[in-house]
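Computed from the coordinates by the stated procedures, all read-outs in this text should not be read as laboratory data. Note that the structure is a prediction, hence the values are computed from the model and not measured. Note: ideal-geometry Cβ built from the backbone for every residue, glycine included; neighbour counts use all protein chains shown.
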Amino acid sequence: MDLGIKGRRAIVCASSKGLGRACAIALAAEGVHVTVTARGAEVLAKTAAEIRKMSPGVTVTEVAGEVGYADPFYFSNRFRRYSGTSPNQFRARERR
């Protein structure tokens, strides 16, 4: 069935698994260029690679939301240097 959406662009949130993944696959199968988003970069990259393999004529862009530090101590030091306060102090102040 031709939905008339070939060549359009779509952003599909939470698309590394489940319904979001299924939506991204279905859109790509219809010729829609998709931007897929998720928290984890590894699972998202795997999903994007699968979509590219199934629908080679479309562009698949990945956007991972969880960009963290492997070492929480390093993060705390960087945060303190940037903000002048520790993450715990910052959260406590923001809750008031």
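The shape of the stretch 34-96 can be summarised by an equivalent ellipsoid whose semi-axes, obtained from the alpha carbon gyration tensor, come to 37, 12, 9 Å from longest to shortest.
For the options ARG78, ARG52, ARG39, a Gaussian network treatment of the chain with springs between C-alpha atoms closer than 10 Å singles out ARG78 as fluctuating the most. Using θ = phi - 60° in the Karplus curve 6.51 cos²θ - 1.76 cosθ + 1.60, the 3J(HN,Hα) couplings for the stretch 37-45 round to 10, 6, 6, x, 6, 5, 5, 5, 4 Hz; x is entered for Gly and Pro. Across the alpha-carbon set of the stretch 1-80, the Rg to Rh ratio works out to 1.15, Rh being the Kirkwood radius. With springs connecting C-alpha atoms under 10 Å apart, model the chain as a Gaussian network and identify which of LEU27, LEU44, LEU19 has the largest mean-square fluctuation. Ranking LEU27, LEU44, LEU19 by mean-square fluctuation puts LEU19 first.
Among the chymotrypsin sites (Phe, Trp or Tyr not before Pro) within the stretch 4-82, those in coil by DSSP and having at most 16 neighbouring Cβ atoms inside 10 Å are TYR69. Each Lys or Arg adds one and each Asp or Glu takes one away; over the other residues whose Cβ falls under 13 Å from the Cβ of ILE51, this sums to +2.
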